[in-house]
Amino acid sequence: MKLSINILAICILLVFSSATENNEVTGEALSQVKSRFEKVKVYGQASTSTEIIATLEKDETIDYLRKTKMNGGVWSIVKVNGRPGYVLTSEIYDEPKLVVRNKKKKAKGQVLSLTGQ
C-alpha cells in the first residue's frame, strides 16, 4: 500500500514538472494564426457564454498556443494582447509560420565566424 502511494506521488510530480516546460503553462506561442472572419470573438473560457476578451478583424494575426476539445466544441487557446483566451478553431486559419524566439544557443561544433576573427 505504501509503495503504491509513493509510486502515485512520483507520477504526479513527473506530470507537473513536465507541464511547466510546455507552452500550455508558459504561454509561449507555437505559431501564429489569423482570424477567418470579421468580428471573431475571443472568450475568457472555452464557452460562448463567457466573457468576450477581444474581437478580431478579418486576417488579424494572433499567437496560437494549442487546440483543445471542451464543452462540445473544438477550441484553440490563443494569446491576444498578452492575455490567453479561447477562440473556436473553425474561426481561425493557420499560416505555417513558427514563432522564432531570440535565444542564442551555440551548437556544439558550430562555426560562428568564417573570417578568422
- Would you mind computing Rg(Cα) / (2.2 N^0.38 Å) for region 28-96, counting N as its residues? 0.96
- Item | Spin-label pair T61/N81, simplified geometry with 7 Å Cα→Cβ offset, distance in nm | 2.0 nm
- Non-local residues with an amide H under 5 Å from the amide H of I53, with H modelled 1.01 Å from N and Pro and chain starts lacking one, are V42, Y43, G44
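Where a number appears in this text, it was derived from the coordinates with a stated rule and is not lab data. This structure is a prediction, so every number in the text was calculated from the model and none was measured. Cβ sites come from the backbone with ideal geometry, for glycine too, and all protein chains shown count toward neighbours.
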